[in-house]
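Trainee: Would you mind keeping the following structure in view while I ask a few things?
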Amino acid sequence: MNEYDVAIVGGGAAGLSAALVLARARRAVVVIDAGAPRNAPAAHMQGFLSRDGLPPSELLAAGREEVAGYGGHLRSGTVSAVRPLHDEGGGFEVALADGSSVTARRVLVTTGLRDELPDLPGVRERWGRDLLHCPYCHGHEVREQRLGVLGGTPDAVQHALLLRQWSHDVVFFAHTTTITPVEREQLLARAVGVVEGPVRGLVVEDDRLAGVELDTGRVVRRDAVFVRPPMTPNADLLAALGCDTHDTGWVVADPAGRTTVPGVWVAGNAVNPRAQVITAAGEGSAAAIAINTDLVDEDVRLAVRDFRAGRPA
Ligand SMILES: Cc1cc2nc3c(=O)[nH]c(=O)nc-3n(C[C@H](O)[C@H](O)[C@H](O)COP(=O)(O)OP(=O)(O)OC[C@H]3O[C@@H](n4cnc5c(N)ncnc54)[C@H](O)[C@@H]3O)c2cc1C
């Protein structure tokens, strides 16, 4: 007999939102969280209706309190493996790195993703502060300031053209990007400055980003710099379970988060790189409702089996 109906791996917006819905559906639910949400470096979370500007940690603290208020269990820790149980009841063993484990009928993976930041001086230090990635998250706060966009990653030119929406003063630092003639015309037409040549690093003064330094030693003063890092899903657990992936490496899932392995679900940035906090929360909620429906179907099937065998509930 499984301890929990649902074990949720990852307690960010997606995982906690799913836990809230499941706990309110009177399911036994546990959230196991390693405590490193993607937006932790940012002081404020923007664009979440009714919570715009709230520190990310405060949203999660409120979420944890709500989940606990409905009897959901919250555990700190890192899940190291999820293994199918092959006894009659089925379900999964969810193993933690500390050697403990829980069992659950269904598993929802909401482990988020990793931003693969360029390996340049200043980048890690300023990430989420004045080295930014998402203009929808932080563009308004730096509107009409001197902005830069760091090249060298896929779609970097498109990112510079996007940023132009927030400021008239945008410089694209090509770094290792080769700009095509079409892109060059687009940048010129939108009055985005172009600085060619490899970037040596970010210049930091008084705990603020001050500019971008080129290999030549030239420094271009900027107030904030954007970069579009490649993103890698934290999907090792799903891969080990045998979940199918797309060619891109992202797990295949239906709109409710159902993977190709029965009983295993996924939501938030672990499956959707475009998910903002509010989207991740919405995906967690949708997955929770689908999981509960799946459990109800199983409950009915088992009840009919027992009923026919003369074992009424
Ligand atoms: C710097 C920065 C600023 C951002 N600002 C905004 C903003 O202003 N507004 C906005 O809408 N979006 C913003 N985002 C995007 C936002 O971070 C994501 O949309 C959101 O975090 C996705 O939620 P999630 O629950 O899918 O993943 P996460 O919030 O990343 O949560 C995943 C959780 O799973 C845990 N975990 C991972 N692996 C395991 C494991 N094996 N075992 C147990 N736990 C595990 C992690 O520790 C983490 O706590 C920002 C992103 C960055 C990088």
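The values are calculated or read from the model by the stated rules, or taken from the named source; none is laboratory data. Predicted model, so just to flag it, every value in this text is computed and none were measured. So basically every Cβ, Gly included, is an ideal-geometry build from the backbone, and we count neighbours across all protein chains shown. Surface accessibility is based on the protein's heavy atoms, side chains included, excluding ligands, DNA and RNA. Shrake-Rupley method; radii C 1.70, N 1.55, O 1.52, S 1.80 Å.
Trainee: Once the other residues with Cβ under 12 Å from the Cβ of TYR4 are scored (Lys, Arg +1; Asp, Glu -1), what is the net sum? Walk me through the intermediate numbers first.
Mentor: Numbers: positive: ARG27, ARG75, ARG105, ARG106; negative: GLU3, ASP5, GLU93.
So the surrounding residues net to +1.
Trainee: Per residue, what accessible area does region 123-226 have, given a 1.4 Å probe and all protein chains present, in Å²? Provide the component values of the computation, followed by the final result.
Mentor: Values: 5150 Å² over 104 residues.
Per-residue value: 50 Å².
Trainee: Spin-label point model (7 Å from Cα, Cβ direction): what's the TYR70 to GLU88 distance in nm?
Mentor: My value for the distance between the label points is 3.2 nm.
Trainee: Loop-only chymotrypsin sites (Phe, Trp or Tyr not before Pro) in region 24-93, please: DSSP not H, G, I, E or B, and at most 16 other Cβ atoms within 10 Å. Write out the running numbers ahead of the final one.
Mentor: On the way: sites: PHE48, TYR70, PHE92; in loops: PHE48, TYR70.
Answer in residue order: TYR70.
Trainee: Okay, next question. Expressed in nm to one decimal, what extension gain is obtained for the pair GLU3 and LEU188 from 0.36 nm per residue of sequence separation less their Cα-Cα distance? Don't jump to the answer; show the numbers that get you there.
Mentor: Working: separation 185, 0.36 × 185 = 66.60 nm, distance 6.14 nm.
Between GLU3 and LEU188, full extension yields an extra 60.5 nm.
Trainee: Return the Cα extents of region 123-226 along principal axes one, two and three, sorted largest first, each rounded to a whole Å.
Mentor: For region 123-226, the Cα spread along each principal axis is 39, 32, 21 Å.
Trainee: What is the angle, in °, between the Cα long axis of helix 13-24 and the longest principal axis of the Cα atoms in the chain? Nearest 10 is fine, range 0 to 90.
Mentor: 20 degrees
Trainee: What's the percent breakdown of Cα-Cα distances in the chain across 10 Å bins, shortest bin first?
Mentor: For the chain, the pair-distance distribution reads 6, 24, 27, 20, 14, 6, 2, 1, 0.
Trainee: Go ahead and run the numbers for FRET between GLU125 and SER100, Cβ-Cβ distance against an R0 of 51 Å, rounding to 0.05. All intermediate terms of the calculation are to be shown ahead of the outcome.
Mentor: Numbers: r = 36 Å, r/R0 = 0.70.
So the FRET efficiency works out to roughly 0.90.
Trainee: What is the calculated FRET efficiency for ARG51 to ALA239, with r their C-beta to C-beta distance and R₀ = 35 Å, to the nearest 0.05?
Mentor: Values: r = 33 Å, r/R0 = 0.95.
Approximately 0.60, to the nearest 0.05.
Trainee: Please report how far the C-alpha centroid of region 224-291 lies from that of region 120-179, rounded to the nearest whole angstrom.
Mentor: Using only Cα atoms, the two centres lie 26 Å from each other.
Trainee: Could you give the length gained by full extension between VAL296 and THR176, i.e. 0.36 nm per residue of separation minus their alpha carbon distance, to one decimal place?
Mentor: Values: separation 120, 0.36 × 120 = 43.20 nm, distance 5.36 nm.
Between VAL296 and THR176, full extension yields 37.8 nm more.
Trainee: With no solvent and one equal point scatterer placed on each C-alpha of region 159-298, evaluate the Debye formula and give log10 I(q)/I(0) for q = 0.12, 0.15, 0.16 Å⁻¹, two decimals.
Mentor: The computed values of log10 I(q)/I(0) come out as -0.72, -0.86, -0.90.
Trainee: Hey, what angle do you get for helix 56-69 against the long axis of the chain, alpha-carbon based, 0 to 90 degrees rounded to 10?
Mentor: Rounded to the nearest ten degrees, it is 10.
Trainee: On to the next question. Pick out, in residue order, every one of the GluC sites (Glu not before Pro) in region 50-92 that is DSSP loop and has at most 13 other C-beta atoms within 10 Å; say none if there are none.
Mentor: On the way: sites: GLU58, GLU65, GLU66, GLU88; in loops: GLU88.
Hits after loop and neighbour filter: GLU88.
Trainee: Can you send over the carbon and sulfur percentage of the accessible area for the chain, probe radius 1.4 Å, protein chains only? Don't skip to the end; give the middle numbers.
Mentor: On the way: 8170 of 15720 Å².
The computed percentage sits at 52.
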